[in-house]
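Input: a single structure, listed below in structure tokens.
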Amino acid sequence: MFDLKSKAREVIERGYCVLESVYDDHEREQMHAIFKQLCDNRGGFSSEQPSISFHPLLEWGPEMAPFFAKAVVVDAMAEAFQDDVRLAHSGASVFNNGLVEETLTHWHVHYAWEFPPTGLQRDNPERVLCNIYVDGSSSHIGPLIVLPRGLNDPVEAKGDAGEDWEGQVEVTVPPGSAVIFDTALWHCSKRGNSSELRHLWGGHYQGWSNPTPHPEDNTAENPTVAAHKAEIPVLRGLLDGPQ
């Protein structure tokens with residue numbers, strides 16, 4: 001389906017890669033139904049609550065657990081790490097385009113570790129985000145904007161957090177796609193020009209041989225997740241380690 005070695009090179013050479021439409025329409029319908037219930041449980045959307053976030057997602061919505069076990073996505077991250085993959089953080093956000101501000105998130109990175117005096121000296125990313133764009137990423141539903149970077153390029157900001165940056169790229173992907181990016185990749189997001197909802201979920205991942213903690217780590221241990229782990233080896237590997 002994908003050349004995973006090529007996808008891993010994209011993460012190393014430009015900071016991110018896209019796995020197009022890895023979740024089909026039926027899976028997306030299931031996700032929409034789960035998130036509708038989760039949002040209803042939180043009181044729904046309003047001018048006071050234009051977006052709703054769920055961290056840890058596996059605590060708020062443990063029924064989402066099987067969707068993390070998409071083998072091609074896990075295999076792509078394993079290729080980037082050259083290691084077995086650990087899910088270190090789960091989360092989700094749903095945005096109501098009719099209520100949110102123009103900017104959803106300003107420019108930011110998720111790299112939270114100390115930089116050596118000589119700069120980054122990496123062979124592979126230590127940690128990645130893998131976000132699932134249930135409704136896609138576009139000017140209609142809301143764009144993801146990134147600043148491409150090589151693996152060991154400097155990480156300092158290229159401008160004000162609320163401005164356009166030279167070299168920025170709008171990442172347009174079809175619904176059901178996964179975007180994997182290095183935590184050192186600068187990115188931001190904007191409101192879509194429609195009034196539709198924008199569903200985004202995913203996680204932070206590391207290789208199992210890398211035990212370094214991160215401020216955004218979270219866990220979720222509950223009977224629903226445990227039941228899914230017992231049935232799905234890929235999920236068990238993400239949460240409990242290589243079998």
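The values are calculated or read from the model by the stated rules, or taken from the named source; none is laboratory data. Treat the numbers as computed from the prediction; the structure is a model and nothing was measured. As a convention, Cβ positions derive from the backbone with ideal geometry for all residues, glycine included, and neighbour counts pool all protein chains shown.
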Item to complete: Output the number of the condition that MET1 fails; it satisfies all remaining conditions of (1) part of a loop (DSSP other than H, G, I, E, B); (2) at pLDDT 95 or above; (3) over 17 Å from the mean Cα position of the chain (by Cα).
Response: (2)
Discussion item. Testing GLN82 on (1) over 25 Å from SER137 (Cβ atoms); (2) touching a residue at least 60 places away in the same chain (Cβ under 8 Å); (3) in contact with a Leu (Cβ under 8 Å, 6 or more places away or on another chain), one condition comes back false. Which one is that?
Written reply: (3)
Practice prompt. Go through the residues of region 165-176 one by one and say whether even a single one is part of a loop (DSSP other than H, G, I, E, B), surrounded by 20 or more Cβ atoms within 10 Å (Cβ to Cβ) and hydroxyl-bearing (Ser, Thr, Tyr).
Written response: no
Fill in: region 86-127, residues that are more than 17 Å from GLY142 (Cβ to Cβ) and among the polar types (S, T, N, Q)
SER90, THR118, GLN121, ASN124
Worksheet item: List, please: which pairs have Cβ atoms under 7 Å, are six or more places apart or on different chains, and start with a residue in region 100-126 that is farther than 12 Å from ALA184 by Cα and end with one that is outside any loop (DSSP other than H, G, I, E, B) and among the polar types (S, T, N, Q)?
Response: VAL100/SER51; LEU104/SER189; THR105/SER189
Practice prompt. Return the pairs, sorted by first residue and then second, in which the second residue is of a type in the set (Val, Ile, Thr) and surrounded by 13 or more Cβ atoms within 10 Å (Cβ to Cβ), the first residue lies in region 219-243 and is in a helix (DSSP H, G or I), the beta carbons are less than 9 Å apart, and the residues are 6+ apart or on different chains.
Written response: VAL234/VAL74; LEU235/VAL225; GLY237/VAL74; GLY237/VAL85; LEU238/VAL74; LEU238/VAL85; LEU239/THR219; LEU239/VAL225
Worksheet, complete the sentence: Among residues of region 213-243 being modelled with pLDDT under 95 and not aliphatic (A, V, I, L, M), the residue farthest from the chain's Cα centre (by Cα) is GLN243
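Got a sec? Which strands (runs of 3 or more DSSP E) wholly within region 11-98 have at least 1 residues that are touching a Pro at 6+ places or on another chain (Cβ under 8 Å) and surrounded by 15 or more Cβ atoms within 10 Å (Cβ to Cβ)?
Here the list reads 16-19, 85-96.
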Worksheet entry | Single condition GLY176 does not satisfy, out of (1) in contact with a strand residue (DSSP E or B) (Cβ under 8 Å, 6 or more places away or on another chain); (2) touching a residue at least 60 places away in the same chain (Cβ under 8 Å); (3) of a type outside the set (Asp, Glu); (4) within 21 Å of TRP113 (Cα to Cα) | (4)
Worksheet, complete the sentence: Only one of ASN218, ASN210 is in contact with a Leu (Cβ under 9 Å, 6 or more places away or on another chain) and of a type outside the set (D, E, K, R), namely ASN218
Discussion item. When you check GLY203 against the structure, is it in contact with a His (Cβ under 6 Å, 6 or more places away or on another chain) and crowded, with 16+ Cβ neighbours inside 10 Å, yes or no?
Written reply: yes
